[in-house]
1. Go through region 235-254 and report how many residues are within 16 Å of ligand 1 (Cβ to nearest atom) and not aliphatic (A, V, I, L, M).
2. Can you name the condition, by its number, that ARG437 falls short on among (1) within 16 Å of ligand 2 (Cβ to nearest atom); (2) not in a strand (DSSP E or B)?
3. Test HIS473 against the stated conditions and say whether it is modelled with pLDDT under 95 and either assigned by TED's automatic domain parsing to the domain that holds ASP541 or part of a strand (DSSP E or B) (or both).
4. Hey, could you check region 440-455 for residues that are open to solvent by 10 Å² or more (accessible area, probe 1.4 Å) and over 13 Å from GLU71 (Cα atoms) and say which is nearest to ligand 2 (Cβ to nearest atom)?
5. Could you tell me which numbered condition ALA391 fails, if it satisfies all but one of (1) in a strand (DSSP E or B); (2) under 25 Å from ASP480 (Cβ atoms)?
6. Would you mind finding the one in ILE153, ILE190 that is more than 16 Å from ligand 1 (Cβ to nearest atom) and in a strand (DSSP E or B)?
7. Just the residues that are open to solvent by 60 Å² or more (accessible area, probe 1.4 Å) and over 23 Å from TYR197 (Cα atoms), please, taken from region 312-337.
8. Which one is farthest from LYS470 (Cα to Cα) among residues in region 274-294 that are away from ligand 1 (no atom under 15 Å from the Cβ) and of a type in the set (Val, Ile, Thr)?
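The values are calculated or read from the model by the stated rules, or taken from the named source; none is laboratory data. Everything quoted here is computed from the prediction, not taken from an experiment. Reconstructed Cβ throughout: ideal geometry from the backbone, glycine too, with neighbour counts over all protein chains shown. Side chains are part of the model used for accessible areas, which takes the heavy atoms of the whole protein and leaves out ligands, DNA and RNA. Shrake-Rupley method; radii C 1.70, N 1.55, O 1.52, S 1.80 Å.
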Amino acid sequence: MTSNKNLTSWVDQIARLTRPARIHWCDGSEEERDRLTLEILRSGNLEELDQQKLPGCYLRRTPQHDVARTEQLTFICTSEKGDAGPTNNWMNPGEAYQKLSKIFENSMAGRTMFVIPFIMGPAGSPFSKIGVQITDSNYVVLNMRIMTRMGKIALEQLGNSNNFTRCLHGKADLDINNRFICHFPEDNTIWSVGSAYGGNALLGKKCLSLRIGSYLGGKEGWLAEHMLIMGVEDPHGKVTYVAAAFPSACGKTNLAMLVPPASQKGYKVWTIGDDIAWLHVGDDGRLWAINPEAGFFGVAPGTSYKTNPNAMATIQKNTIFTNVLKTSENTVWWEGMDGVPPTSGIDWKGRPWAPGGEPGAHPNARFTAPAKQCPSISSEWENPKGVPISAILFGGRRTKLNPLVYQTFSWNDGVYTGATMSSETTAAAMGKVGVVRRDPMAMIPFCGYHMGDYFKNWITMGSRVKNPPKIFHVNWFRTDHDGRFLWPGFGENLRVLKWIIERCEGRGEAVESPIGFLPKLIDTTGLNIAPSILNELFKVDRDAWLAELEDQQNFLSGFGAKLPAEIWQKYHALVKKFS
Ligand code: OXD
Ligand code: MN
């Protein structure tokens, strides 16, 4: 299939290690998809759903201990431990190769080894990257087919080049004690073994597009970010592009696919991506973004026609559902879906289910769906140049601290705000509810190098963009004394986006506060929000911020000498403003 000796010799080398019964080079064709689907159906590892109601849709149940990313088993393997930084697990590369080689040895005996060439980013884009994933999981092949541009198209783009990420994945015996997700940024290589779960096994996503991507971005002068990308079209047809980073459970997919409420006549939202953005400085001095992915790997529970009608429309065909409930009508269901819950079904563990007992779907149940099926997909989503970003949003779930929205004073103030971003844990996460977790730029689990160096790259990028995006902080989750949300959220977030866009255009009135510019006026017509609630939504409480700054200082100290001086300067300036 290819004359690329760099590639064929690597594939030979891995075949000698893993000893598969056969090797299949994926071409990305529909015949290939149909053949593989049939094979998995026959093996019992995939179930066909009602093809009238959900054409091309299938259900997969994973082993019960393989349902989420396993951060404790995820490593950055750089020659110097210090290069991985305090936020990553580190392993010496020699030790990691040796340890994982033992697990990979003969692990594909009797199985097919699939070779998946894939592109992250639009085909032909100067910003896209090529990866080649070897895997012994046909489920992974079907998912990679949705999440990336894969097969012949990627081999054509690669040509005879050696410039591709070598991604090795194996199920081995799916034993959590033999599970490792290792990244070798210096070798542009990823080895993942012992898990078939998306984030651990679809190596183009978190592993390549964020961990290896952020490392390459640091070296090559660009940014790989855990951000959605959206376009907001105003009633005159002008589209403004926004990128936004939020930790998990803060509604990134919902914001990317926002449906403007009826009151916001003439506004439209266009989706470019829901999870990852690669940002480059354009020749015009602006920051341009591409979405490296071709699909959505979204959390199913909580997704409904009320919370995200565009996501619901996207997943009505050609979608792989993982760990959801199967209804007696051979369709899917999960907690938080609209309508009357089913009276019976088969739960994600494969057991008969009835309402009132354990959840039918795993809280991290997923859908894998082609982005092009999304009704709000932007006509620009595959533009090889990307889209020009006017605003960057950082956000988190803080019930009391952060105002609904504020604009940071400058690029570096924005970097500081991103670096100290935080969110409170929810009931969906393990452990205590309401604990503040710092998650700089929502990248804690995904930054492939020392975060101090990563912040430096942000600062350097700012000095290279002549016309940088404005940076904002948003918080949809502020509550009153009884724990009720003060802001309606969802589609109404467009009102906040409108003020953000006005600010980007040099309009939109603001009042200065110590942390940034707050809106003088936000359009709340028809929302029936009392002035006292608005006051609360925009309150910057001095005592709360002094406590917050102490916590920020502790956190930032953990980055040691690598924390850029610019970040400390911003910290001290803020302390002074509040004192
Ligand atoms: C994801 C995540 O799956 O951030 O997108 O965990
Ligand atoms: Mn994500």
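1. Step one: of region 235-254, the residues within 16 Å of ligand 1 (Cβ to nearest atom) are 243-254.
Filter again for not aliphatic (A, V, I, L, M), leaving 246-248, 250-254.
Looking only at that region, the number is 8.
2. Here ARG437 meets the rest and fails (2).
3. Numbers: modelled with pLDDT under 95: no; either assigned by TED's automatic domain parsing to the domain that holds ASP541 or part of a strand (DSSP E or B) (or both): yes.
Spelling it out, it is not the case that HIS473 is modelled with pLDDT under 95 and either assigned by TED's automatic domain parsing to the domain that holds ASP541 or part of a strand (DSSP E or B) (or both).
4. Filtering region 440-455 down to residues open to solvent by 10 Å² or more (accessible area, probe 1.4 Å) leaves 444-445, 449-450, 453.
If we keep only those that are over 13 Å from GLU71 (Cα atoms) as well, we get 449-450, 453.
Working: TYR449: 19, HIS450: 21, ASP453: 22 Å.
For region 440-455, the residue satisfying everything is TYR449.
5. (2)
6. Result of the check over ILE153, ILE190: ILE190.
7. Listed by number, the residues that qualify are SER328, GLU329.
8. Taking the candidates together, the pick is ILE290.
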